[in-house]
Amino acid sequence: MYFWKSLLETYNQDYPKTGRIKWASGWQSAVLYIVIMWSPVTQAEANSVSDYTIAGLPMHNYRWENNFKNATMTKLHCAGTVGFIFTPKGRIDPERRWVWIGNIYCAFPWDQRNWNIFQQWYIEKFLDAGFHVVGIDVGVTAGSPAGAEVFQKFYEMLIRDYKLNPKARLTAQSNGGLIVYGWAFRYPNEVDRILGILPATDMRSWPGLNQLCPPGDIVTKGLSYGLSCEELQNRLREFNPIDNLAPLAKAGVKIYHIHGDTDAIVPIKENTIEFQKRYQALGGEMEVELIPGGNHGEPEKSFFESREALKFLLVD
């Protein structure tokens, strides 16, 4: 099993992104060729560097496949990156409401999830309800202003070209919490509600400020903060989503978080409990679905098939 895994990792790391095969030596190259010819991954289905002009993208290896029988998929180009819109094949919601998947790879088969789809159950239900589903690839922005600007340009394109409802409903999963809230607090009047799935909301907790500035910067290169660690620390309250909740509360944005109480990656205390305390103190409406013993996304069904969360996003 390790041998096959190694060969496929060699293929997946190089071929989908560059169109070139990093050949193994000797007899392994022949086996790798067979694996590639057999594999369902094709260059057309995988990320292509030619789709992007933002430095550092793509950061994630996911397949451009429509795995939803109840939708048609359109690939979109916007602001130097790529996005998608799933259009329901059946009834279209008369108000043209829609859900924005904050992390694009949560809507597609992703290599880090064994080519399964994180939010498949939710998306199927959104489409059944007549909601459009959209997303755009920004990699990891940690809520940077540059990342929020890409989100805003995508939002404007969706409203202008696809005549979607002006109020967005979003899912914010894990690091997508910083991405989604980083856009939402800057444009609160364009947001109806946000579903946070184990979301990071305080960048001090995840990924940590030393990961948002050189030399340890993990943010998409073309969408980074562009600040030293000292500068970022001094301006933290300007950027950190958990410190910018007042605009959301004032705009009446509804919020629902699902979080496990043993999450070691994005701790619930710093990212959801403190968030709820602050948001409700500002008069904001927020519910939390606590998963006892839940870690970061486990047990999966609790996080990715929550009927209460689904009801929250689909309710009038």
Exercise. May I ask you to sort Tyr187, Tyr256 by Cβ crowding, counting other Cβ atoms within 10 Å and putting the fewest first?
Key: Tyr187, Tyr256
Quiz prompt | Selected from Glu285, Glu230, Glu149 as most flexible by GNM, with the chain as the system and alpha-carbon contacts under 10 Å | solution = Glu230
Exercise. Arrange Ser302, Ser224 by Cβ neighbour counts within 10 Å, fewest through most, would you?
Key: Ser302, Ser224
Quiz item: Among rounded, prolate and oblate, which fits the range 81-200 when a ≥ b ≥ c are the square roots of the eigenvalues of its C-alpha gyration tensor, a/c under 1.5 means rounded, and a/b larger than b/c means prolate?
Solution: oblate
Quiz item: What is the range 213-316's relative contact order, in percent, from Cα pairs under 8 angstrom and six or more apart in sequence?
Solution: 26
Quiz item: With the contact rule set at Cα under 8 Å and sequence spacing of 6 or more, what percent relative contact order holds for the chain?
Solution: 14
Self-check item: Cα extents of the range 108-263 along the three principal axes, largest first (Å)
Solution: 48, 38, 32
Self-check item: Within the chain, helix-based [θ] at 222 nm, where runs of 4 or more DSSP H residues each add -39,500 (n - 2.57), nearest 500
Solution: -9000 deg cm²/dmol
Exercise. Treating only the Cβ atoms of Lys and Arg (+1) and Asp and Glu (-1) as charged, compute the dipole magnitude of the chain about its Cα centre; round to the nearest 20 debye.
Key: 600
Quiz item: Which of the cysteines in the chain are isolated, no other cysteine C-beta under 4.7 Å?
Solution: Cys78, Cys106
Self-check item: Globularity index of the range 49-314, i.e. its alpha-carbon radius of gyration over 2.2 N^0.38 Å
Solution: 0.93
Quiz item: Which percent, to the nearest 5, of DSSP beta bridges fully inside the chain are antiparallel?
Solution: 40
Practice problem: Provide Val315, Val138 in ascending order of the number of other Cβ atoms located within 10 Å of each residue's Cβ, fewest first. | Solution: Val315, Val138
Self-check item: Hz values of 3J(HN,Hα) by residue in the range 61-70 - Karplus curve (6.51, -1.76, 1.60), Gly and Pro given as x
Solution: 9, 10, 9, 7, 10, 8, 9, 10, 5, 9
Quiz item: Using modelled amide H (1.01 Å from N, peptide plane; none on Pro or chain starts), what sits under 5 Å from the amide H of Trp115, excluding residues fewer than 5 places away?
Solution: Trp110
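A short reminder: the numbers here are calculations on the coordinates, not readings from a lab. Because the structure is a prediction, the values reported are computed rather than measured. Note that each Cβ is placed from the backbone with ideal geometry, even for glycine, and that neighbours are counted across all protein chains shown.
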